[in-house]
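Participant: First the structure, then my questions, so here it is.
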Amino acid sequence: MRLDKFLVDCGVGSRTEVKKILKSKQVTVNGQVETSPKAQIDEQADQIAVAGQGLTHEKYVYYLLNKPKGVISATDDDKHRTVLDLLDDTDRRKEVFPVGRLDIDTHGLLLLTNNGPLAHVMLSPKKHVDKIYQAQVDGIMDEADRLAFENGIELKDFACQPAKLEILALDEEKNQSTVRITIREGKFHQVKRMVQARGKTVTDLQRLSMGPLRLDSQLALGDYRRLTVEELTSLEGFGVEL
Ligand code: URA
């Protein structure tokens, strides 16, 4: 690959910044100063250093984001801020995208990566990846709702697979419930529509987990971090290159 692309991918700087750094003779390839952005390198075999600091090429990156309400899970949009606007410039250069979608008013765990094959398998209906949500609901959810979720809720356009409804708290006075819902699909507005099908309304929705990944309580809304080694290892079960 081209040396300037390698340096941009490694987060050294933008293409223009990288060009300047190359010109200032700070970059070496196998110990030899290289100043041309177009120089071809083998990112697996060649030793690249900037100001004596060795670099390793990352093919894929993974960010765990605590998505806030008000931003959309897309890579660009004319009207709204997107989850990519929450990344710093270096991290955004990695061309990541969200694995699946959360509604604009849903908050919580969202994985961003540039690993297409991983996203593909995590979203495949055949893989049955559990997604756990916590919801505030207007209305009192009960055992009949739990059974209906377990049996598979029938929506107008499709029949949901069995899902788990756990009732965490009820406030009879305010007529509100706090519930945890586990689904294996990811249809448009699915959780809200399943609750609606039982005559109640979701007023707040937070995603707590997706497969082996859990929302990190240390992450404030809008913050993100790279996956830990343990989290990355937990994704090995999907059988794709990480
Ligand atoms: N179900 C919904 O209704 N909305 C989401 O954002 C995710 C799941």
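Participant: Show me the GluC sites (Glu not before Pro) within region 201-242 that DSSP assigns to loop and that have at most 13 other Cβ atoms within 10 Å of their Cβ. If you can, show how the numbers build up before the last one.
Facilitator: Working: sites: E230, E231, E236, E241; in loops: E241.
Taking region 201-242 and a limit of 13 other Cβ atoms within 10 Å, the loop GluC sites (Glu not before Pro) found are E241.
Participant: Scan around F97 for amide H atoms under 5 Å from its own, H built in the peptide plane at 1.01 Å from N, and keep only partners 5 or more places away or cross-chain.
Facilitator: Counting only residues 5 or more places away or on other chains, the set is T113, N114.
Participant: Can you work out the FRET efficiency for the pair K156 and T75, with r the C-beta to C-beta distance and R0 = 25 Å, to the nearest 0.05?
Facilitator: Values: r = 30 Å, r/R0 = 1.20.
Approximately 0.25, to the nearest 0.05.
Participant: What FRET efficiency comes out for the pair Q196/S24, r = Cβ-Cβ distance, R0 = 51 Å, nearest 0.05? Don't jump to the answer; show the numbers that get you there.
Facilitator: On the way: r = 60 Å, r/R0 = 1.19.
For R0 = 51 Å, the calculated efficiency reads 0.25.
Participant: Separate question: Just to be sure I understand the model, the point goes 7 Å from the Cα along the line to the Cβ. What's the resulting R2 to D42 distance in nm?
Facilitator: 2.2 nm
Participant: Shifting gears a bit: Just to verify a number: FRET efficiency for E166 and A49, C-beta to C-beta distance, R0 = 45 Å, to 0.05?
Facilitator: Computed FRET efficiency for E166 and A49 comes out at 0.30.
Participant: Just for the Cα atoms in the chain, what are the lengths along the principal axes, largest first, rounded to whole Å?
Facilitator: 72, 34, 31
Participant: Taking amide H positions as placed in the peptide plane 1.01 Å from N, state which residues far from Q176 in sequence (5 or more) or on other chains have amide H under 5 Å from it.
Facilitator: The answer is G139, D171.
Participant: With contacts defined as alpha carbon pairs under 8 Å and 6 or more residues apart, what's the relative contact order of the chain in percent? Numbers along the way, then the final one.
Facilitator: On the way: 464 pairs, mean separation 46.7, N = 242.
Contact order relative to length: 19 percent.
Participant: Next question, about the same structure. Loop by DSSP (not H, G, I, E, B), at most 12 other beta-carbon atoms within 10 Å: where is the longest site-free stretch of the chain for trypsin sites (Lys or Arg not before Pro)? All intermediate terms of the calculation are to be shown ahead of the outcome.
Facilitator: Working: sites that count: K25, K38, K59, K79, K156, K174.
Longest site-free region, per DSSP loop and neighbour criteria: 80-155.
Participant: Continuing with the same structure: Output the pairs from K5/K187; K94/K127; K127/K174; K94/K192 with a Cα-Cα distance over 28 Å in this structure; if there are none, say none. Show your work: numbers first, answer last.
Facilitator: Details: K5/K187 37 Å; K94/K127 26 Å; K127/K174 39 Å; K94/K192 33 Å.
Beyond 28 Å between Cα atoms: K5/K187; K127/K174; K94/K192.
Participant: By the gyration tensor of its Cα atoms, with a ≥ b ≥ c the square roots of the eigenvalues, what is the shape of region 118-242: rounded for a/c under 1.5, prolate for a/b over b/c, or oblate? Let's see the in-between values first.
Facilitator: Working: a/c = 2.58, a/b = 1.51, b/c = 1.71.
Judged from the Cα gyration tensor, region 118-242 comes out oblate (a/c at least 1.5, b/c at or above a/b).
Participant: Tell me the label-point distance for the pair R15, I140, using the 7 Å Cα-to-Cβ offset, in nm and rounded to one decimal.
Facilitator: Between R15 and I140, the label points sit 6.3 nm apart.
Participant: Taking every DSSP beta bridge that has both residues in the chain, what percent is antiparallel when rounded to the nearest 5?
Facilitator: On the way: 46 of 50 bridges.
Beta bridges within the chain, antiparallel portion: roughly 90 percent.
Participant: Grab the DSSP H runs of the chain that are 4 residues or longer, score each as -39,500 (n - 2.57), total them, divide by all residues and round the 222 nm result to the nearest 500 deg cm²/dmol. Before the final figure, lay out each step's value.
Facilitator: Numbers: 7 runs with 51 residues, N = 242.
About -5500 deg cm²/dmol.
No lab work stands behind these numbers, since they all come straight from the coordinates. Small disclaimer: the values here were computed from a predicted structure and weren't measured. For neighbour counting, all protein chains shown are included, and Cβ atoms are generated from backbone atoms with ideal geometry for every residue, glycine included.
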